[in-house]
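Take a look at the structure below.
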Amino acid sequence: MNSIPKLIAGPCSAESREQVIETAKNLAKLKIDFFRAGIWKPRTRPGAFEGAGLPALAWMVEAKEKYGLKICTEVAHPSHVEAVLKAGFDMVWIGARSTANPFTIQEISEAIKGVEIPVMIKNPTNPDLKLWIGAVERFMNNGIEDISVIHRGFSVYDKHLYRNNPNWQIALDIKKELPQVPLICDPSHISGRRHLVYDIAQKAMDLRYDGLMIETHCNPDEAWTDKKQQLSPAELIDLLSRLKLRDRRESVDEPLQNFRMELSEIDSDLVDLLKRRMDISEQIGIYKKEQNLVIFQKSRWEKAFQNNIDNALNSDLSEEFASQLFKMIHQESIVKQSKIFLKPDETD
Ligand code: PEP
Ligand code: MN
């Protein structure tokens, strides 16, 4: 049977004893691996609910003792670490805003040094793979061995479908760079809206993630933080029942091998085509230089770009993909032509 490797669920914030215990009671029936709740909440702007603080430690410990749940929370300061270790928490996580700050990470990792507790490190709010890896390294350097990373998406300025842009590639890159570190998806903070959580969770499972962290509240509509994205326990049960968990082995089936061979051939044709395109670009560069023309010719670029996008759309390729692809190709052409412009003339 293919099961979710790890499931962490619980409310965004611990709000009251009743809310923590009621949510824990419902989740205990689901055999979750860890019960989560934020005790100190890093709010973007002051004035909002900033977490119940120290009193919430006892509510979580009560949930642990009553329902046999393992408990975890976010730590953002050495004093948080001290408090949760004393209370008997089973795991901690580092929030996205903390990961973005190497000073904070250094302090927290030093506070955890010498203690055997699993640590999960969320991606920084900004799409910076090195900063995320750097945080993992700081914990490793302090001897912390049980580390996972949580993909919770990246801040966006404009309105988007999702609250935080998934940038799946960054998560796949960290998996490639740190293959021994389990990768967990937080579809709640990526999607930001209840009805979108399932799609993100499914995609994470299809991409072979090692677990899910899903915000779940006994009464989401009344939640004090992140109410739009939290699921009720019943909605979590429904999500889990719909989640398709596929075979995780690296397949070497024959049909798949044949498709992959075809892909490799197409990739190699693509490289040949790109090479031909760049050669022509260089010839254009030589011509522009001889004629003393500027490299970037705006109207010609805009026209060609729109034409490429229209073609791509007609071929069922997404506008975002085509736009990124052609901008990259154009960028590379400019680099090639700039090199030609910078080369001293033969007569110089
Ligand atoms: C949270 O998990 O509730 C939280 C504050 O997450 P993040 O650090 O991803 O914003
Ligand atoms: Mn939250």
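Computed quantities for the displayed model
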item: Tabulated pairs, region 222-238, first over 14 Å from Lys41 (Cβ atoms), second more than 15 Å from ligand 2 (Cβ to nearest atom) and hydrophobic (A, V, I, L, M, F, W, C), C-beta under 8 angstrom, 6+ apart or interchain; result: Leu231/Leu239; Ser232/Cys218; Pro233/Leu27; Pro233/Leu30; Pro233/Cys218; Leu236/Leu27; Leu236/Leu30; Ile237/Leu30
item: Top-ranked residue in region 8-22 [being under 23 Å from Pro118 (Cα atoms) and away from ligand 2 (no atom under 12 Å from the Cβ); ranked as surrounded by the fewest Cβ atoms within 10 Å (Cβ to Cβ)]; result: Ile8
item: Residues satisfying the stated conditions in region 179-221, i.e. touching a strand residue (DSSP E or B) at 6+ places or on another chain (Cβ under 7 Å) and either without any contact (Cβ under 8 Å) to a residue 24 or more places away in the chain or in a loop (DSSP other than H, G, I, E, B) (or both); result: Val181, Pro182, Asp186, Tyr209, Asp210
item: Flag for Ile286 being more than 30 Å from Lys29 (Cβ to Cβ) and over 35 Å from the mean Cα position of the chain (by Cα); result: yes
item: Residue tally, condition surrounded by fewer than 20 Cβ atoms within 10 Å (Cβ to Cβ) and of a type in the set (Gly, Ala, Ser), over region 142-168; result: 2
item: Residue pairs meeting the criteria (Cβ under 9 Å; at least 6 apart or on separate chains; first among the hydroxyl-bearing types (Ser, Thr, Tyr), in region 157-178; second at pLDDT 95 or above); result: Tyr162/Gly153; Tyr162/Ile190; Tyr162/Ser191; Tyr162/Gly192; Tyr162/Arg193; Tyr162/Leu196; Tyr162/Ile200
item: Complete set of residues in region 65-117 that are in a helix (DSSP H, G or I), touching a residue at least 40 places away in the same chain (Cβ under 8 Å) and away from ligand 1 (no atom under 16 Å from the Cβ); result: Lys66, Tyr67
item: Members of region 28-49 that are within 11 Å of ligand 1 (Cβ to nearest atom) and either modelled with pLDDT under 95 or under 20 Å from the mean Cα position of the chain (by Cα) (or both); result: Arg36, Ala37, Gly38, Lys41, Pro42, Arg43, Thr44
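The values are calculated or read from the model by the stated rules, or taken from the named source; none is laboratory data. Just so it is clear, the structure is predicted and the values come from calculations on it, not from any experiment. Virtual Cβ from ideal backbone geometry, glycine too; neighbours counted across all protein chains shown.
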